[in-house]
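What follows is a single structure, written as structure tokens, with notes after it.
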């Protein structure tokens, strides 16, 4: 299915999380605008995120793979939780971005996380499409 909406690369967080498939971004109530968007709609946990606010990234890079401490303990912990609970790896995402480039990675994300029923994004956290309600397993 051709995606109805395309996730812009601005929604890719420094840690490798695709905010475009995050429950907080996809939901209607108390919606977060994504890690890289300055907004008052963000949960406090996102505003205070250690990885987003890290000053160790070099050369002005937006991604953790350019950090002097990569992968840090916090990223490893987050990655382990996401691998176990959601079958998604931030470290693997970062590796793919570094090796293939951001545009190629976003092309893959924009096909990987698409609802087969309506063509909109499905959520990494519950595999639900917030547009049509279909749940994918």
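Please treat every number below as a calculation from the coordinates, not as lab data. Quick caveat, the model's predicted, so the values are computed rather than measured. Ideal geometry is used to build each Cβ from the backbone, glycine not excepted, and the neighbour counts take in all protein chains shown.
So how do 118, 132, 64 line up by other beta-carbon neighbours within 10 Å, fewest first? Mind showing how you got there, number by number?
Values: 118 17, 132 13, 64 24.
Final ranking by Cβ density, sparse to dense: 132, 118, 64.
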Please arrange 137, 125 by counting, for each residue, the other beta carbons lying within 10 Å of its beta carbon, fewest first.
137, 125
Which distance in Å, rounded to a whole number, links the C-alpha centroids of segment 89-123 and segment 72-86?
18 Å
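Taking the highest mean first, how do the peptides 35-47, 81-93 order by number of other beta carbon atoms within 10 angstrom per residue?
Numbers: 35-47: 13.0, 81-93: 15.5.
Averaged packing, sorted descending, gives the order 81-93, 35-47.
What is the fewest-to-most order of 114, 135, 124 by other Cβ atoms lying within 10 Å of their Cβ? Show your work: numbers first, answer last.
Details: 114 23, 135 11, 124 20.
Ascending number of Cβ neighbours within 10 Å: 135, 124, 114.
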